[in-house]
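Everything on this sheet refers to the single structure shown next.
The values are calculated or read from the model by the stated rules, or taken from the named source; none is laboratory data. Bear in mind that the values here come from a model prediction, so they are computed numbers and not experimental data. With ideal geometry, Cβ positions are generated from the backbone for all residues, glycine too; neighbour counts draw on all protein chains shown. Ligands, DNA and RNA are excluded from the accessible area calculation, which covers all protein heavy atoms including side chains. Shrake-Rupley method; radii C 1.70, N 1.55, O 1.52, S 1.80 Å.
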Amino acid sequence: MITTTDLTRVHRARGREVTALNGVDLHVPAGEIFGVIGPSGAGKSSLARCVNLLERPTSGTVTVDGLDLTALAGRGPRAGRELRAARTRIGMVFQHFNLLSSRTVRGNVELPLEHLPGLTRRERARRAMELLDTVGLADRAGDRPARLSGGQKQRVGIARALAGRPKVLLSDEATSALDPETTRSVLRLIRDLNRSLGLTVLLITHEMEVVREVCDSVALMERGRIIESGSLRDLLSRPGTRLARELFPPAAPEPLAAGELLLDLELHGIDPAASPDPVGPDPLAEILRALPGAEIRSAAVDTVAGRRAGRVRLVVPGATHRDGGGIDPDALAARFRGRGVELRVPGTPDGARGTGVPAPAAPAPGAFGEAPR
Amino acid sequence: MTAERMRELLLQGTLDTLHMVGWSGLIALVGGLPLGVLLVLTDRGGLLANRPVNKLLGGVVNIGRSLPFIILLVALIPFTRLLVGTSIGPTAAIVPLAVGAIPFFARLVETAVREVDHGLVEAALAMGGSTGTVVRKVLLPQALPSLVAGLTTTVIVLIGYSAMAGAVGGGGLGTLALTYGYQRFETDFMLLIVAVLVVLVTVVQLAGDLVVRTLNRRERADA
């Protein structure tokens, strides 16, 4: 749905050249929520703004829904008629909402309808009310935006973005000005619209939380380049990538008593639907049963793209491998390989044994409680 | 001078002043508004970014703004005569008043329009809006309170300028003040004229403030 090839954007600010995008090849399949994450200044926003040509790429092409927008752009900074028509089919929501204070909520949603041809005033009003109903704000139609909360303003922004019945929604840090609770509700709305309208969403964010919450795929940007990308499902089953690490940060090192064995489980997308019986074929439950007395020290398990993924750290007492009387992590690992769980004794990336000693320092302390959604 | 005569003169003077200020204010609005918007649009990074045009417009505005009005008044006499047929009387005074007020108001428009959040412009462009859409539906409505405040200031300045027009036979309260106050030392009458001017300015300012306040309140509350 959205394809960019070798997209490059160079800003010229006071004689200095700043490369915001450096050869970005992006492919967003139709119907996906595609996240772009990265530190500020990585070029994420430039990428989103190049997709509807609010920023003109220095070179490279942008194709949206089969239409090469860069070819429509024409010369100079002004958008020609064809590019403007194409933009009506690309919705965009902004971090600071960008609603007109001079208009009511309904007036704001009507604004994009006003440059669609052939709509009467009454049709515009009706369509605006429909859209407001979609985002749950029909009762605030007559209010000024200043009277709304941040989350409500963003909902109006989304309703406005949907006015031209777009196939693509660009979301430029749309939840960055919102609190976590509101962020979740706005993301849920985006997810719902993605499902019900088949909307393709390019979602720019700097929060891994947002990616975890709604994205099907994600790309990591740094210094104007895409470093890693893939579907969340793939990333989870491909441990060792930066994105996988940031989605589920590794646990901090643990002090261990003698004889204790530390085990890290990496869940790479257990399908909960495939194991309806909680103590049946669910590999996690099976592992716990195989390790009597095992204690969960920390866990970060989440449902991503409909699958359970994350990390669980177990401490197994009296299981010193060297004594021979305990458990064999290798055998256990072999037993569950291919079932979405990988066992590992921390500090030994290949799963080799190591007991009774604290694990080496992990790069980031990131253990947090289980948060199923 | 009889009270009757004073009232007659004051009434005529006030009407003449209103005639001059009203028309020149209207022309300043019609001329200054597009000029001010163009100053923003043609500036660097603007929607119609065009350096030579921006420099030219800015230069014209600066020349208009830097001439003391009394000099403009005299300098424009041939132009006025060409346009109106005479350089004397309230109608003739409208020409220099308008010429002086256009660049003045244009700068105020420029400031007001520049203050509109660029994010709103981007939002309008992202939804497929043209430059015209941006100006009509975003820049002007969003800047409306500041534009009204600017127009109020312009009208008040015009009231002051219109008194100066009296120096070259422009008519209105300025002429009265010069003829009766300055040349005939009729201090009582002079004070009356001053009072009328004060009332005029106050009324304009209050009316302008009221409109601005209403607009601002509307933006913060329900429609």
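Against chain B, whose longest principal axis is taken from its Cα atoms, helix B:187-220 shows a tilt of about 20°. Using C-alpha pairs below 8 Å separated by at least 6 residues, the relative contact order for region B:3-218 is 28 percent. Highest mobility in the GNM of chain B, judged by mean-square fluctuation with C-alpha springs under 10 Å and restricted to B:34, B:96, B:52, is found for B:52.
With a Cα cut-off of under 24 Å and a minimum spacing of 8 residues unless on different chains, the lysine pairs in the protein assembly as shown number 4. Note on region B:148-223: dipole from Cβ charges, positive end direction compared against B:215, B:177, B:151; the farthest Cα belongs to B:215. Kindly identify region A:126-183 as rounded, prolate or oblate by the Cα gyration tensor criterion: order the square roots of the eigenvalues as a ≥ b ≥ c, call it rounded if a/c is under 1.5, otherwise compare a/b with b/c, prolate if a/b is larger, else oblate. Judged from the Cα gyration tensor, region A:126-183 comes out oblate (a/c at least 1.5, b/c at or above a/b). Relative to the dominant Cα principal axis of chain B, helix B:140-165 is inclined by about 20°. Shape analysis of chain B places it in the oblate category; the axes a ≥ b ≥ c from the Cα gyration tensor give an a/c of at least 1.5, with a/b not above b/c.
May I ask for the net charge around residue A:195, where only other residues with Cβ less than 13 Å from the Cβ of residue A:195 are counted and Lys, Arg are +1 while Asp, Glu are -1?
Details: positive: A:188, A:191; negative: A:32, A:192, A:216.
My count for the surroundings of residue A:195 gives -1.
With a Förster radius of 25 Å applied to the beta-carbon distance between residue A:12 and residue A:82, the computed FRET efficiency rounds to 0.40. Residues in region A:84-124, backbone N under 19 Å from the label point at residue A:177 (7 Å along the Cα-to-beta-carbon vector): list them, ranges by number please. In region A:84-124, the label zone of residue A:177 (backbone N under 19 Å from the point 7 Å along Cα→Cβ) covers A:91-112.
Between residue A:222 and residue A:123, the C-beta separation translates, for a Förster distance of 45 Å, into a calculated FRET efficiency of about 0.45.
In terms of its C-alpha gyration tensor, region B:12-112 has a prolate overall shape, because the principal axis ratio a/c (a ≥ b ≥ c, square roots of the eigenvalues) is not below 1.5 and a/b outweighs b/c.
Compared with the alpha-carbon gap, the fully stretched path from residue A:335 to residue A:65 is longer by 92.6 nm at 0.36 nm per residue.
Note on region B:152-223 and region A:133-193: Cα centroid distance 48 Å, given to the nearest whole angstrom.
Average accessible surface for the protein assembly as shown: 46 Å² per residue, computed with a 1.4 Å probe over protein heavy atoms with every protein chain in place.
Place a +1 charge on the Cβ of each Lys and Arg in region B:109-223 and a -1 charge on the Cβ of each Asp and Glu, then give the dipole magnitude about the Cα centre in debye, rounded to the nearest 20. If you can, show how the numbers build up before the last one.
Values: 8 positive and 9 negative charges, 38 e Å.
Computed about the Cα centre, the dipole is about 180 debye.
Counting pairwise Cα distances across region A:2-243, what percent come out greater than 27 angstrom? The partial results should precede the final answer.
Details: 10322 of 29161 pairs.
Of the Cα pairs, 35 percent sit more than 27 Å apart.
What's the FRET efficiency of residue B:82 with residue A:234 using the Cβ-Cβ distance as r and R₀ = 51 Å, to the nearest 0.05? So the FRET efficiency works out to roughly 0.05. At the listed q of 0.10 Å⁻¹, the Debye profile of the protein assembly as shown, built from one uniform point per Cα, gives log10 I(q)/I(0) equal to -0.95.
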